[in-house]
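Read the figures in this text as sums done on the coordinates, not as results from a lab. Note that the coordinates shown come from a computational prediction; the quantities given were computed from them, not determined experimentally. Quick reminder, even Gly has a Cβ in these numbers, built from the backbone with ideal geometry, and neighbours come from all protein chains shown.
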Amino acid sequence: MAKTAAAPTKTRPADHPTPMMAEREPDYAEQLEAIEPIARLNLPEEDGIPLESELHYTVPWILRLSIQAHWEGRTDYYIGCNMFLYYAYEQAEEVIQEVRRRRRRARFKGPDLFLVRGVEDADRPRPYWAVWREGGRYPDLIVEFLSPSTAQHDKTHKKELYATVFRTPEYFWYDPFTQEFAGFRLAMFPDWHYEPIAPNEQGWLWSEVLGAYIGTWQGKLYGREQTWLRLYDAEGNLVLLSEEREAIARAQAEQARQRAEAAERRVAELEAELKRLRGG
């Protein structure tokens, strides 16, 4: 079985006001004028460039599964992993030109993982997230997974973009190889910027968006031993993936079956002994 973590302290960071959608509406309203030319763009869905490593696919996917397990039953949110996110005409044009190999690199193509709340048709398949097609909705939470070639950009340019343009309430980054982990919460004054989220004793960071801690967990999932990024509830319990819950249920059912069989054998043995004593 995978290892579990020690219970955390019961204290959790004090609540902070979370910037709401209305505070981003002025930026969205300015983009309305550009919707018609944007609608004519043939937006790429991928660029054919492989991820940095296998971990840059598996680690975000496990975090996605953790969020889905934590919010099981909810259908009002959307999670994107390693998909393009379009928010402005100029940025979309840059991505198109890069995919066509007409420029070296677009300044921004999308986060490694993002979550948007309040999405009514969250189960609708999307080849990408286009803000102007989603009612002006930007991500409420973003996680970038660092690599040597992206770390500096993730910590500077993207961080500023997410704070000042997206106004995303929470931003986290994680390095799957070094386990560097940091999180930030959006503040409004004196201007839009991120302030660090203080970790608890276990090094986990409380996410107000998720209502859970994000933290590392060492164990084996899908045949791979790795330090993963996962969720813990407010009491410090690891949020189990659906596969883990099913495995526990199967193990409990097997134990119950074995106990029942052992009890039946014991009853048969007692009945045989009683029959023998009666001379039968």
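Could you please let me know if Trp228 is surrounded by 14 or more Cβ atoms within 10 Å (Cβ to Cβ), touching a residue at least 24 places away in the same chain (Cβ under 8 Å) and in contact with a Phe, Trp or Tyr (Cβ under 9 Å, 6 or more places away or on another chain)? It is true that Trp228 is surrounded by 14 or more Cβ atoms within 10 Å (Cβ to Cβ), touching a residue at least 24 places away in the same chain (Cβ under 8 Å) and in contact with a Phe, Trp or Tyr (Cβ under 9 Å, 6 or more places away or on another chain).
Go over the candidates Glu201, Glu144 one by one and state the one that is closer than 26 Å to Gly236 by Cβ, of a type in the set (Asp, Glu) and in a strand (DSSP E or B).
Every option except Glu144 fails the conditions.
Of all positions in the stretch 153-172, none carries a residue that is hydrophobic (A, V, I, L, M, F, W, C), assigned to a loop (DSSP other than H, G, I, E, B) and under 21 Å from Gln68 (Cβ atoms).
Of everything in the stretch 91-124 that is without any contact (Cβ under 8 Å) to a residue 24 or more places away in the chain and not in a loop (DSSP other than H, G, I, E, B), the residue that is farthest from Ile67 (Cα to Cα) is Gln97. Could you go through the stretch 265-278 and let me know if any residue there is of a type outside the set (Lys, Arg), surrounded by 10 or more Cβ atoms within 10 Å (Cβ to Cβ) and not in a helix (DSSP H, G or I). Within the stretch 265-278, none of the residues are of a type outside the set (Lys, Arg), surrounded by 10 or more Cβ atoms within 10 Å (Cβ to Cβ) and not in a helix (DSSP H, G or I).
Would you pick out the residues in the stretch 113-161 that are acidic (Asp, Glu) and under 24 Å from Arg230 (Cβ atoms)?
Pass one, the stretch 113-161, residues acidic (Asp, Glu): 120-121, 123, 134, 140, 144, 154, 160.
Selection gives Asp123, Asp140, Glu144, Asp154.
Scanning the stretch 125-141 for residues that are within 17 Å of Phe84 (Cβ to Cβ) and either assigned to a loop (DSSP other than H, G, I, E, B) or touching a Pro at 6+ places or on another chain (Cβ under 9 Å) (or both) yields Pro125, Arg126, Pro127, Tyr128, Trp129, Glu134, Arg137, Tyr138, Pro139.
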